[in-house]
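Everything on this sheet refers to the single structure shown next.
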Amino acid sequence: MLLQNLFPFLPFQLLETLIYIVAALGIVLITYGVFLETERRQDLVFLVGALCLFDYALYIGNRIFMIAMAGFALASLVEFIEIMIGLHKEEGKHTLKKIKQVGKK
């Protein structure tokens, strides 16, 4: 069977199923956040995705993964707050031009 090869262990309890759905949502959100242009939206998507994956890490008991996702969520939250209060300086197209000029020298 195709599904048995892809998912050898399917959860039977509702809580387990919800944890796996939340984890899949976190994976999709973090992947989607990479492609967002608006930094404010990107930070919010990263925050929600990291919190979803933190829940999964908490469920499986992986401390390293919990610390990584908590740090990622905290960094996204701090950057979002900086954008909202006006402390965040946006790097634009001019930064790329400066990097190219330094590389040529």
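Under 7 Å between Cβ atoms, at least 6 apart or on separate chains: pull out the pairs that start in segment 60-86 with a residue that is free of Cβ contacts under 8 Å to residues at least 40 places away in the same chain and closer than 16 Å to R41 by Cβ and end on any residue that is open to solvent by 80 Å² or more (accessible area, probe 1.4 Å) and assigned to a helix (DSSP H, G or I). That search, which allows pairs on different chains as well, returns A73/L51.
Restricting segment 1-28 to residues that are open to solvent by 50 Å² or more (accessible area, probe 1.4 Å) and not in a helix (DSSP H, G or I) leaves a set whose member that is modelled with the highest pLDDT is Q13. When residues in segment 42-94 are screened for being closer than 30 Å to E16 by Cα and surrounded by 13 or more Cβ atoms within 10 Å (Cβ to Cβ), 29 of them pass.
Of all the numbered requirements in (1) surrounded by fewer than 10 Cβ atoms within 10 Å (Cβ to Cβ); (2) modelled with pLDDT of 90 or more, T31 misses one, and that requirement is (1).
Looking only at residues that are of a type in the set (F, W, Y) and assigned to a helix (DSSP H, G or I) in segment 29-84, which one is nearest to the chain's Cα centre (by Cα)?
The extreme case among them is F46.
The values are calculated or read from the model by the stated rules, or taken from the named source; none is laboratory data. Computed from a prediction, not measured in an experiment: that's the story for all the values here. Ideal geometry is used to build each Cβ from the backbone, glycine not excepted, and the neighbour counts take in all protein chains shown. The protein model used for the area step is the full one, side chains on, heavy atoms only, and it has no ligands, DNA or RNA in it. Shrake-Rupley method; radii C 1.70, N 1.55, O 1.52, S 1.80 Å.
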